[in-house]
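First up is the structure itself, then whatever we jot down about it.
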Amino acid sequence: MKFFILFFLYIINLYAIITIAPVEIGDEPGFSGKLQGSFETKRGNTDVDNYSAGIRAAYDDNKTYVLWGDFTFSYGKASGELNTNKTYSHLRYIHTFYTKPLNSETYLQTEMNEFTKVKKRFLAGTGLRYHIENDTYGNLYLGLGGFYEHIAYTTSVDPLEKNLRVNSYIAYKKQFSKESKISYVGYFQPNIEHTSDYILSNGVELEVLVYKKLFVNFVFYYDIDTKPAIGVKKEDITQKTSFIYKF
């Protein structure tokens, strides 16, 4: 019942990321979920309010497929001025492709970010992922595919983009114990028609158990978009600390 409630909330909002750790068939059999939240409040010499929250709902049949969806949002103000307002959602289906280490992936994603002037970005894609597992060194994932991208900007100049992009990525996950793990994911997504237009994204994450099912999560992102909206910087660096409750 918890899953259906959370998944319903996901559908009616359909808008961001709980964790960057790769999802593997058989990791968490059955229904599972994660709740994430972080906040910062300052008063006095500096007035700051930053809020972030997210939810993940998943079903893993423990044999051939896993279906999961993320929704997150971030909102913030500094000295009464809005400085963060973004949402993101992702729905992905992973299925065994002929052999267990090789998986097919199909996904949908939508997002909004007021401060990169993205009114709405929607993408739909598919691809293959190969999993290399080693008990000592961890799990390595290599992905290759493509997606269609539709972006509506808030700017009056070039307000709309429609692109076909290659989606290539490398991901890594090392579980030190039940209490901690480290993950990395790096994406390279060039435009098929204009290879100088590409997105390069990197994320590193450390997750540590605090108490029972409560974890603290540290994530660092470094992103490059060589063709952002007019007036938007090409590089973004983000560091986030948050709590995750798993159920």
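A few points about this structure:
- Selected residue (criterion: modelled with the lowest pLDDT) from residues of the stretch 1-60 that are assigned to a strand (DSSP E or B), among the acidic types (Asp, Glu) and buried (at least 16 other Cβ atoms within 10 Å of the Cβ): Asp49
- The stretch 100-131, subset in contact with a Pro (Cβ under 7 Å, 6 or more places away or on another chain) and at pLDDT 95 or above, residue surrounded by the fewest Cβ atoms within 10 Å (Cβ to Cβ): Tyr130
- Residue pairs meeting the criteria (Cβ under 7 Å; at least 6 apart or on separate chains; first more than 15 Å from Ser177 (Cα to Cα), in the stretch 205-227; second basic (Lys, Arg) and part of a loop (DSSP other than H, G, I, E, B)): Ile224/Lys234; Asp225/Lys234; Thr226/Lys234
- Entirely in the stretch 149-247, the strands (runs of 3 or more DSSP E) that have 2 or more residues that are at pLDDT 90 or above and acidic (Asp, Glu): 198-211, 214-225, 235-246
- Members of the stretch 91-115 found to be in a strand (DSSP E or B) and of a type in the set (Asp, Glu), listed by number: Glu105, Glu111
- Residue within the stretch 102-111 that is more than 29 Å from Glu161 (Cβ to Cβ) and either in contact with a strand residue (DSSP E or B) (Cβ under 8 Å, 6 or more places away or on another chain) or among the polar types (S, T, N, Q) (or both) present: yes
- Candidates Tyr65, Tyr88, Tyr141: the one that is modelled with pLDDT under 95, within 21 Å of the chain's Cα centre (by Cα) and surrounded by 13 or more Cβ atoms within 10 Å (Cβ to Cβ) is Tyr88.
- Tally of residues being more than 20 Å from Val66 (Cα to Cα) and not charged (D, E, K, R) across the stretch 26-55: 13
- Single residue of Leu82, Leu128 found to be in contact with a helix residue (DSSP H, G or I) (Cβ under 9 Å, 6 or more places away or on another chain) and assigned to a strand (DSSP E or B): Leu82
- Tally of residues being of a type in the set (A, V, I, L, M) and touching a His at 6+ places or on another chain (Cβ under 8 Å) across the stretch 118-141: 2
The values are calculated or read from the model by the stated rules, or taken from the named source; none is laboratory data. On a predicted model such as this, the values are computed, not experimentally measured, just so you know. No Cβ is skipped: glycine too gets one built from the backbone with ideal geometry, and neighbour counts run over all protein chains shown.
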